[in-house]
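Here's a structure for you.
Any read-out appearing in this document is the output of simple, stated calculations on the displayed coordinates, not a laboratory observation. Values in this document were obtained by computation on a predicted structure and should not be read as measured data. Glycine gets a Cβ as well: all are built from the backbone with ideal geometry, and neighbour counts include every protein chain shown.
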Amino acid sequence: MATLSPSTTSYNESATLTEKYNQFAEAAEFNRVGWTATAMMIQGCLLSPVLLLTMMYFGGGDWQFLTGMLTFLLVIVPILGAQKMKYVFGGFLISLVVNLAMIALNVLSTL
C-alpha cells in the first residue's frame, strides 16, 4: 500500500522575505568569523572614514558624528556579545543605511 500512495513532498516556494533571511542567517553561522570580519571591515574602513571626510569637507553637525559612532556600536556589540548572525546582519544593515543616508545628505547639501 505504501508504494501506491502518492508522495507528499511539500515545496515551500512561497517563503516570505523574513523566512529567507532567517534561513540565510542560519547558514551563515558556519562562516561566522568571515562574516563578522567583513562587517567590521566595511564599517570601520569604509563607512566611518567616508562619513568623517564628508563631514569635514561639506560641513556636518555633531549629531552626525554621534549617530555615526552609535551605528558603529550596532555592529560591534552583537559581534562581541557572540550573538546570532541574524542580529549582526540586522545591525549592519541599519548601520549601512543610516551612514549612507548621512553621506548623501552631506554631499547633496552643497548642490
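Being assigned to a helix (DSSP H, G or I) and in contact (Cβ under 8 Å) with a residue 40 or more places away in the chain is the filter here; which residues of the range 58-82 pass it? Steps first, please.
First pass over the range 58-82, keeping only residues assigned to a helix (DSSP H, G or I): 58, 62-80.
Result: Phe58, Gln64, Ile79.
Residues in the range 80-100: is at least one over 21 Å from Ala28 (Cβ atoms) and surrounded by fewer than 16 Cβ atoms within 10 Å (Cβ to Cβ)?
From the range 80-100, those over 21 Å from Ala28 (Cβ atoms) are 98-100; that's our starting set.
After this cut, where a residue has to be surrounded by fewer than 16 Cβ atoms within 10 Å (Cβ to Cβ) as well, the list is 100.
Yes, because at least one residue in the range 80-100 is over 21 Å from Ala28 (Cβ atoms) and surrounded by fewer than 16 Cβ atoms within 10 Å (Cβ to Cβ).
For the range 38-72, what are the residues that are closer than 20 Å to Val88 by Cβ and loosely packed, with under 12 Cβ neighbours inside 10 Å?
Met41, Cys45, Met69, Leu70
Could you please give the count of residues in the range 38-82 that are of a type in the set (A, V, I, L, M) and over 20 Å from Leu100 (Cα atoms)?
Keep residues of the range 38-82 that are of a type in the set (A, V, I, L, M), which gives 39-42, 46-47, 50-53, 55-56, 66, 69-70, 73-77, 79-80, 82.
Now narrow it down to the ones that are over 20 Å from Leu100 (Cα atoms): 77, 79-80, 82.
Count: 4.
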